[in-house]
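To start, the structure itself, in structure tokens.
The values are calculated or read from the model by the stated rules, or taken from the named source; none is laboratory data. The shown structure was predicted, so the numbers you read here are calculated from the model rather than taken from an experiment. Here the Cβ is made from the backbone with ideal geometry for all residues, glycine too, and neighbour counts use every protein chain on show. Keep in mind that these areas ignore ligands, DNA and RNA; they rest on the heavy atoms of the full protein, side chains included. Shrake-Rupley method; radii C 1.70, N 1.55, O 1.52, S 1.80 Å.
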Amino acid sequence: GGEASNEARQVNAKEVLASIAAAMRPPPPLAEVPVPVLRSAAVALHELEALSTAVPGYAVEVLSMACGTLRVLLAECHETLDLECGNARARALLDDSGFTLKIQSEPAAALLRRATGRQVGPTNGVGDAEGGSALVDAAPPPELLQRVLSEAPVPVDELLCDSEAAALLACMSSGLLALASRADELEWAATKALRGAAKGSPEAAVPAAVAQVAADCRRLARRCLMLLRVEMLLICANASCAMRDAEAAGGRRQEGALEVEEGVLACVRQIATAHRAVSERIPAGTRGYVFGGCAAMAAKAMLASLARGVNVVDAESARRAGRGCTALQQAVGALHAEGRHAESARLFFARSRGYFELLLLDPSDVLAKAGREPRAYEPQEWAALLAVYVVDRLPVSH
């Protein structure tokens, strides 16, 4: 009798294996999940999902295994994040609960929630397209702009743009969202398999456990994207080195000096590097979140540069700052293909260029303009403009 029972079990095992092989669906394309830990998890989850479909009698056990696999995955992703972003200024800021509250409550955060939330039914790409257009050029609120500006200048070794970390964060966010969607499918399978299960039984808790894992995947994906957004704001904040005190810099520049300050050129290069690393690895709506606000931050940083220990400048420095505004406008405008976003960048930087042009005017003309258009600039911006001494300014009538 025992031999017959063993033989029956072997036959059943063969049938189960054959059923699994027949039910296996192609795994997700590896290009969609380029981070190694996510790639292996995607394949494992695919196999477990196929197993739960092929052997419905063991669905609860298989789905519990899937939960365990995802938990291990999340722990490894957290370790990867710690390793790659350990000394990054963006991570230090997000570890500050007060700053995190600001970044989570700004207008653009609605786009983040929309891009990373659980999808109910087919989206046909509408969410990405509309979300990106609606919020891609939304400026961070003034208190967030000032908080990020207070961190500048940020050393290169505390930025992510010149390393593989930015690309890794982008890949990880997309991969985690893909796995969260797969976990949603597993939750549906668990709910179907346990229909009619007694409330309070261990089996009945499986769908909720799978749903929690999916929520944790999305939470970590959102953190990756917030890190990228803060990184871009920090890069743009470094434009606050646009003006340098003429006396501290050793007097007037010699012939052949740079057309634009080296610090501004470095900022332009970092924007382009980060864009190349990130843009092709995240969808359109998410790109709107990551790069949204860059124009406002860079233009604001240019204005703030005059108040950072600058007491004496020459006229050529003012002209160089104006050219720096143009260089930054081109770099930020290239982040988005849509014409309306380039127009938004143009308006931000037109204001900044106009500010530096005022340095070439006679102080009485500047005061007259401030009286006519007091809201053109903030009070501290007017004060910095009037406090600086321009050594070779020519008296002109505004």
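Structure above, values below:
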item: Residue within region 76-91 that is open to solvent by 10 Å² or more (accessible area, probe 1.4 Å), without any contact (Cβ under 8 Å) to a residue 60 or more places away in the chain, part of a helix (DSSP H, G or I) and in contact with a helix residue (DSSP H, G or I) (Cβ under 7 Å, 6 or more places away or on another chain) present; result: yes
item: Options R276, R244, R218: the member that is modelled with pLDDT of 90 or more and surrounded by fewer than 24 Cβ atoms within 10 Å (Cβ to Cβ); result: R218
item: Subset tally (residues that are open to solvent by 30 Å² or more (accessible area, probe 1.4 Å), more than 21 Å from D96 (Cα to Cα) and either basic (K, R) or modelled with pLDDT of 85 or more (or both)) for region 157-173; result: 1
item: Candidate set from region 109-137 (those that are at pLDDT below 50 and assigned to a loop (DSSP other than H, G, I, E, B)); member that is least open to solvent (accessible area, probe 1.4 Å); result: V136
item: Residue in region 345-382 that is farthest from A321 (Cα to Cα), counting only those that are under 31 Å from the mean Cα position of the chain (by Cα) and assigned to a loop (DSSP other than H, G, I, E, B); result: E378
item: Verdict on E280 being of a type in the set (D, E, K, R), closer than 26 Å to Q146 by Cβ and either touching a strand residue (DSSP E or B) at 6+ places or on another chain (Cβ under 7 Å) or free of Cβ contacts under 8 Å to residues at least 60 places away in the same chain (or both); result: no
item: Counted residues, region 51-75 - those being outside any helix (DSSP H, G or I) and within 32 Å of the chain's Cα centre (by Cα); result: 0
item: Considering residues of region 279-290 that are within 18 Å of A167 (Cβ to Cβ) and touching a Ser or Thr at 6+ places or on another chain (Cβ under 8 Å) only, the residue surrounded by the fewest Cβ atoms within 10 Å (Cβ to Cβ); result: P283
item: Condition broken by A204, with the remaining ones in (1) at pLDDT below 85; (2) open to solvent by less than 30 Å² (accessible area, probe 1.4 Å); (3) of a type in the set (G, A, S) satisfied; result: (2)
item: Selected residue (criterion: nearest to the chain's Cα centre (by Cα)) from residues of region 300-321 that are modelled with pLDDT of 85 or more, within 18 Å of W382 (Cβ to Cβ) and open to solvent by 10 Å² or more (accessible area, probe 1.4 Å); result: K300
item: Boolean, Y355 is crowded, with 19+ Cβ neighbours inside 10 Å and either without any contact (Cβ under 8 Å) to a residue 60 or more places away in the chain or not hydrophobic (A, V, I, L, M, F, W, C) (or both); result: yes
item: Answer from L225, L186 - the residue that is modelled with pLDDT of 80 or more, assigned to a helix (DSSP H, G or I), surrounded by 21 or more Cβ atoms within 10 Å (Cβ to Cβ) and in contact with a Ser or Thr (Cβ under 9 Å, 6 or more places away or on another chain); result: L225
item: Subset of region 35-47 [open to solvent by less than 20 Å² (accessible area, probe 1.4 Å), assigned to a helix (DSSP H, G or I) and of a type in the set (A, V, I, L, M, F, W, C)]; result: L38, A41, A42, L45
item: Residue within region 370-381 that is aromatic (F, W, Y), open to solvent by less than 50 Å² (accessible area, probe 1.4 Å) and modelled with pLDDT of 90 or more present; result: yes
item: Residue in region 284-299 that is at pLDDT below 85, of a type outside the set (D, E) and more than 24 Å from the chain's Cα centre (by Cα) present; result: no
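Results for (1) at pLDDT below 75; (2) of a type in the set (G, A, S); (3) more than 28 Å from Q212 (Cα to Cα), shown as yes or no for each residue.
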position	(1), (2), (3)
A88	no, yes, yes
L93	no, no, no
P107	no, no, no
P142	no, no, yes
Q146	no, no, yes
